[in-house]
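Take a look at the structure below.
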Amino acid sequence: MATNDNQIAGYYQKLLKRNAGEPEFHQAVAEVLDSLQIVLQKDPHYNDYGLIERLCEPERQIIFRVPWVADNGDVRVNRGFRVQFNSALGPYKGGLRFHPSVNLGIIKFLGFEQIFKNSLTGLPIGGGKGGSDFDPKGKSDAEIMRFCQSFMTELHRHIGEYRDVPAGDIGVGGREIGYLFGQYRRLTNEHESGVLTGKGLTWGGSLVRTEATGYGCVYITNKMMVANGDSLEGAKVIVSGSGNVAIYAIEKAQELGATVVGFSDSSGWVETPNGVDVELLKEIKEVRRGRVNEYVEEATGAIFHEDGSIWDLKADVALPCATQNEIDGEHAQKLVENGVKYVAEGANMPSTAEAIEVYRKNHIHFLPGKAANAGGVATSALEMQQNASRDSWSFEYTDDRLKRIMENIFRHTSATAAEYDHEGDYVIGANIAGFKKVADAMLAQGVI
């Protein structure tokens, strides 16, 4: 069955009505459908058997109540989510996000992106995502433990190493994964280590998992730069955020010879013209759980800005590693004016559609999150392999696997863009490359 732009537009309008009030999900789908217009013109069989409509509809959406008791004895109630989006390639795989902004639309957007991201890794994992509108900030360890135990009391019946394997995301680090895994063990009476990734090293975790998303983003960025006649050696880099992804992107970028000239958190941003003291930043963010203004109090030459934007800095490379839609069209234009030539998304969908259009018009080389931040889920899948074989790999071996996966993602993305006559457009390349692998599996498995 042939397709055309009107069919895609008509389907998108149907999706908007069916998923009202979910702008982030709409945005993620619109970007992919824009690329699929190109692939469907060349390969119209991908529109057979309702494939596009099935791809955009989650296989399962789970919403549940999460009651927990605060330290003062008050009973609080949050909402939990798990969207199991597509399992054509393997068990659902994707993180859990604990943040007050979480709602069903956010989780659906993240799960939809995860389908293509996981496909690009080349590993046998499907796409899913989950989380809660619980805010870990300001909570005691005991409160976070009680919340995680309540959350897992419901979630455990829906996950498993051959069914759905969650990991961490914003607000869910090693502490939260530990509490979640402990409750899973308690409820199932099984040490099924493959049911969660991001675990502690002494109980089934993988070396490099902590660093993976940040490192992977930098590995693929450097590969993109080399392909275009540059490298990170001597480059000036802006990294938004100061969480796990940002910290390890900063660390790896500086190891490869770049100078990171700024980072941020929700309280403001720090200008670091001489580079970042990574160990100090880790101490403040990972040990003290402090804010970036504390870094300025102890680092030489750093300047804290409460106003303005980190995107006002002059640089060669921008790595947005904070959250979705942090770069709009105006910010993107600032990047152009300040000399940025390369943008790679360490976060999920941090650039709006308007920002991406600015990148294209100004010939900025841009890697979307489904390619650039795939290192985290890739290493999660490597953790699953180690768990399945009851094995543990060295840091060097795992890091090398990660680097090779990220470089392969770039090669596949770049080659696919060229195959479909859009050489250098890594958004189109990533979308089509991720789509085709999932689509082929869905067609082979029938209408399910």
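The values are calculated or read from the model by the stated rules, or taken from the named source; none is laboratory data. Predicted model, so just to flag it, every value in this text is computed and none were measured. Cβ atoms come from the backbone with ideal geometry, glycine included; neighbour counts cover every protein chain shown.
Identification of helices (runs of 4 or more DSSP H) wholly contained in the range 1-64 with 2 or more residues that are of a type in the set (Val, Ile, Thr), buried (at least 20 other Cβ atoms within 10 Å of the Cβ) and outside the structural domain of Gly131 (by TED's automatic domain parsing) yields 23-42. Residue check: Gly126 meets all listed conditions (1) more than 14 Å from Asn78 (Cβ to Cβ); (2) in contact with a Leu (Cβ under 9 Å, 6 or more places away or on another chain); (3) surrounded by fewer than 24 Cβ atoms within 10 Å (Cβ to Cβ) but one, namely (3).
Flag set for Ile170, criterion: within 18 Å of Gly128 (Cβ to Cβ) and either without any contact (Cβ under 8 Å) to a residue 60 or more places away in the chain or of a type outside the set (Ser, Thr, Tyr) (or both). Note on the range 132-154: among residues that are hydrophobic (A, V, I, L, M, F, W, C) and under 10 Å from Val66 (Cα atoms), the one that is nearest to the chain's Cα centre (by Cα) is Phe134. Evaluated against (1) over 17 Å from Met225 (Cβ atoms); (2) buried (at least 20 other Cβ atoms within 10 Å of the Cβ); (3) in contact with a helix residue (DSSP H, G or I) (Cβ under 6 Å, 6 or more places away or on another chain), His422 falls short on exactly one condition, (2).
Within the range 326-360, the residues that satisfy the criterion of being part of a loop (DSSP other than H, G, I, E, B) and surrounded by 18 or more Cβ atoms within 10 Å (Cβ to Cβ) are Glu326, Val340, Lys341, Glu345, Gly346, Ala347, Asn348, Met349, Pro350, Thr352.
Screening Val447 with (1) surrounded by fewer than 24 Cβ atoms within 10 Å (Cβ to Cβ); (2) part of a helix (DSSP H, G or I); (3) in contact (Cβ under 8 Å) with a residue 60 or more places away in the chain gives one miss only, at (2). Counting only strands (runs of 3 or more DSSP E) that sit completely within the range 247-316, those holding 1 or more residues that are in contact (Cβ under 8 Å) with a residue 12 or more places away in the chain, in contact with an Asp or Glu (Cβ under 8 Å, 6 or more places away or on another chain) and under 21 Å from Ile364 (Cβ atoms) correspond to 259-265.
Within the range 30-59, residues that are within 28 Å of Leu104 (Cβ to Cβ) and free of Cβ contacts under 8 Å to residues at least 24 places away in the same chain reach no partner that is crowded, with 20+ Cβ neighbours inside 10 Å and of a type in the set (S, T, N, Q) with beta carbons closer than 7 Å at six or more positions or on different chains.
Among the residues examined, Val278 does not qualify as touching a Gly at 6+ places or on another chain (Cβ under 9 Å) and within 22 Å of Leu402 (Cβ to Cβ). In the range 133-177, the residue that is farthest from Thr210 (Cα to Cα) out of those that are assigned to a helix (DSSP H, G or I), among the small types (Gly, Ala, Ser) and modelled with pLDDT of 95 or more is Ser150. Every listed requirement among (1) over 20 Å from the mean Cα position of the chain (by Cα); (2) among the charged types (D, E, K, R); (3) farther than 19 Å from Met145 by Cβ is met by Lys93 save one, (1). Among the residues that make up the range 262-281, is at least one of them more than 25 Å from the chain's Cα centre (by Cα) and among the β-branched types (Val, Ile, Thr)? Checking the range 262-281: at least one residue is more than 25 Å from the chain's Cα centre (by Cα) and among the β-branched types (Val, Ile, Thr).
Among the residues of the range 361-397, those that are in a helix (DSSP H, G or I), polar (S, T, N, Q) and in contact with a helix residue (DSSP H, G or I) (Cβ under 6 Å, 6 or more places away or on another chain) comprise Thr379, Asn387.
Take Leu180 and decide whether it is in a helix (DSSP H, G or I), buried (at least 24 other Cβ atoms within 10 Å of the Cβ) and in contact with a Cys (Cβ under 9 Å, 6 or more places away or on another chain). Yes: the conditions hold for Leu180. Among the candidates Gln61, Gln27, Gln41, the residue that is over 29 Å from Gln149 (Cβ atoms) and over 18 Å from the mean Cα position of the chain (by Cα) is uniquely Gln41. Evaluated against (1) under 22 Å from Pro136 (Cβ atoms); (2) within 24 Å of the chain's Cα centre (by Cα), Tyr295 falls short on exactly one condition, (2).
Take the range 72-112 and flag every residue that is among the hydroxyl-bearing types (Ser, Thr, Tyr) and within 22 Å of Glu383 (Cα to Cα).
As a first pass, look at the range 72-112 and keep what is among the hydroxyl-bearing types (Ser, Thr, Tyr): 87, 92, 101.
Once the filter is applied, which keeps residues that are among the hydroxyl-bearing types (Ser, Thr, Tyr) and within 22 Å of Glu383 (Cα to Cα), the range 72-112 yields Ser87, Tyr92.
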